[in-house]
Amino acid sequence: MKLEHKVAIVTGAGRNIGEAIAHRLAGEGAKVAVVDLDGARAEKVADGIKAGGGAAIGLTADVADEDAVKGLVADTVAALGRIDILVNNVAISDNKHILEITKAEWDRVMAVTLGAPFLMGKYCAQQMVDQGDGGAIVNIASTSGWRGRPRALAYTAAKGGVINLTRSMAVQLASHGIRVNSISPNKIGSPVGKQEFDPTRPVKNLAGRPGAPEDMAAAVLFLVSGDSQFVWGENLFVDGGVMAMEVS
Ligand SMILES: NC(=O)c1ccc[n+]([C@@H]2O[C@H](COP(=O)([O-])OP(=O)(O)OC[C@H]3O[C@@H](n4cnc5c(N)ncnc54)[C@H](O)[C@@H]3O)[C@@H](O)[C@H]2O)c1
């Protein structure tokens, strides 16, 4: 097991990609704080981990809220003893054109998709610094942070921010032994903000199939384990090869 004696926080872990990440880290021996705005979802995933012999707690919080973030970090340390790993998985999308998105919609997407990784990074990194023996942070970005899209504006801007937030966090936290990296997925399972997998969702990639949440979990496990100990401030595309393809 690669993560024995480690404690991990995974945000937005109540379903889809975050859920798969929480299960994968727990399967490698980490104790996992499963965080979600939807408390029932968080509890269900934590219960599933426990039923499989792992250790987990479910926490209900809006990770765009600074007081809630402080509270969930304190609750994790109280219940599980420490924090070694943070996976910033939460995001919401606007799915809007610039001529129709409102300022309020822009603000909420930026607060959740870019602001939450900052807040979670700040308070978890402080805990890791206080512990004194390093840590690993993975921000879930997106191929949408690298390209313009016709039907998403704030989300694409926020994800571009997540990618460079990752680099600055990596630069600023390296002296504390905290490695910060990101992954950029493309079309994994169901779209952001939706529960249902849509088999008609067009996917054109080198893999010839849609990505699965488990594909993301495997990449995150690599980036939080000792297998990636020389990988610092990097982005890993886990996109079936989409970013390598010529647009036709
Ligand atoms: N699904 C994709 O195709 C895809 C593609 C590229 C990148 N990503 C990225 O992967 C990550 C996960 O995406 P997903 O599709 O699994 O998302 P999802 O919408 O299925 O699940 C997100 C979870 O986060 C929770 N959440 C939302 N706002 C929250 C908040 N403020 N505080 C706490 N919890 C909150 C939701 O309740 C939900 O359970 C996101 O960062 C997303 O941008 C997804």
Point to revise | Least to most buried among 203, 247, 224, 192 (fewest other Cβ within 10 Å first) | key: 247, 203, 192, 224
Revision key, fill the gap. Here the percent of antiparallel bridges among DSSP beta bridges lying wholly in the range 7-244, to the nearest 5, is 5
Check your understanding: Residue-wise, which Karplus ³J(HN,Hα) couplings in Hz belong to the range 150-159, taking 6.51 cos²θ - 1.76 cosθ + 1.60, θ = phi - 60°, and x for glycine or proline?
Key -> x, 10, 7, 10, 4, 4, 5, 5, 5, 5
Practice item. Mind jotting down the distance between the C-alpha centroids of the range 184-248 and the range 10-66, whole Å? Key: 20
Study note, to complete from the structure: Output for the range 198-248: GluC sites (Glu not before Pro) sitting in coil per DSSP, at most 15 other Cβ within 10 Å, listed by number, reads 246
Review point. In the range 96-147, what trypsin sites (Lys or Arg not before Pro) fall in a loop by DSSP, with at most 14 other Cβ atoms inside 10 Å?
Key: 147
Exercise for review: With a bin width of 10 angstrom, please list the P(r) values of the chain as percents of all Cα-Cα pairs, from the 0 bin to the one holding the largest distance.
Suggested key: 8, 33, 39, 17, 3, 0
Point to revise | Check: the range 7-244 dipole with +1 on Lys, Arg Cβ and -1 on Asp, Glu Cβ, in debye | key: 660
Review point. When 6, 44 are ordered from fewest to most other Cβ atoms inside 10 Å of their Cβ, what list results?
Key: 44, 6
Practice item. Determine the calculated [θ] at 222 nm for the chain from helices alone, applying -39500 (n - 2.57) to every DSSP H run no shorter than 4 residues and normalising by the residue count; nearest 500 deg cm²/dmol. Key: -12500 deg cm²/dmol
Practice item. Counting other beta carbons within 10 Å of each Cβ, put 130, 65 in order, fewest first. Key: 130, 65
Check your understanding: Longest span of the chain, sites excluded, free of chymotrypsin sites (Phe, Trp or Tyr not before Pro) in DSSP loop with at most 14 other C-beta atoms within 10 Å?
Key -> 1-196
Review point. Two-decimal Rg/Rh of the range 149-248 from alpha-carbon positions, Kirkwood Rh?
Key: 1.00
**Study point:** Relative contact order (%) - the range 7-244, alpha-carbon pairs under 8 angstrom, separation at least six
**Key:** 19
Check your understanding: Angle, helix 16-27 long axis vs. longest principal axis of the chain, Cα atoms, 0 to 90°, nearest 10?
Key -> 30
Exercise for review: Please turn the phi angles of the range 53-70 into ³J(HN,Hα) values with the Karplus equation 6.51 cos²θ - 1.76 cosθ + 1.60 (θ = phi - 60°), one per residue in order, whole Hz, x for glycine and proline.
Suggested key: x, x, 10, 7, 10, x, 10, 9, 7, 8, 6, 8, 9, 4, 5, 5, 5, 4
Point to revise | Given 50/204; 70/194; 50/96; 70/103, the pairs whose alpha carbons are separated by over 32 Å | key: 50/204; 50/96
Exercise for review: Collect residues whose amide H, placed 1.01 Å from N in the peptide plane, falls under 5 Å from the amide H of residue 55; neighbours closer than 5 in sequence don't count.
Suggested key: 32
Review point. When the chain is treated as a GNM, springs tying every alpha-carbon pair under 10 Å, which of 163, 92, 137 comes out with the largest mean-square fluctuation?
Key: 92
Check your understanding: Near the amide H of residue 177, under 5 Å away, which other amide H atoms are found, from residues 5 or more places off or on another chain, if H is placed in the peptide plane?
Key -> none
Exercise for review: Would you please state the base-10 log of I(q)/I(0) at q = 0.09, 0.12, 0.21 1/Å for the range 1-119, with intensities from the Debye formula using one equal scatterer on every alpha carbon?
Suggested key: -0.25, -0.42, -1.08
Exercise for review: Calculate one ³J(HN,Hα) per residue across the range 168-183 by plugging θ = phi - 60° into the Karplus curve 6.51 cos²θ - 1.76 cosθ + 1.60, and present them in order as whole Hz with x for glycine and proline.
Suggested key: 5, 4, 4, 5, 7, 9, 4, 5, 9, x, 9, 8, 10, 9, 10, 10
Exercise for review: Just tell me which aspartates and glutamates come within less than 15 Å, Cα to Cα, of residue 122; anything on the same chain fewer than 8 places away is out.
Suggested key: 65, 66, 67, 84, 130
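Values in this text are rule-based calculations from the coordinates and carry no lab data. Note that the coordinates shown come from a computational prediction; the quantities given were computed from them, not determined experimentally. Note that we place each Cβ from the backbone using ideal geometry, even for glycine, and neighbour counts take in every protein chain shown.
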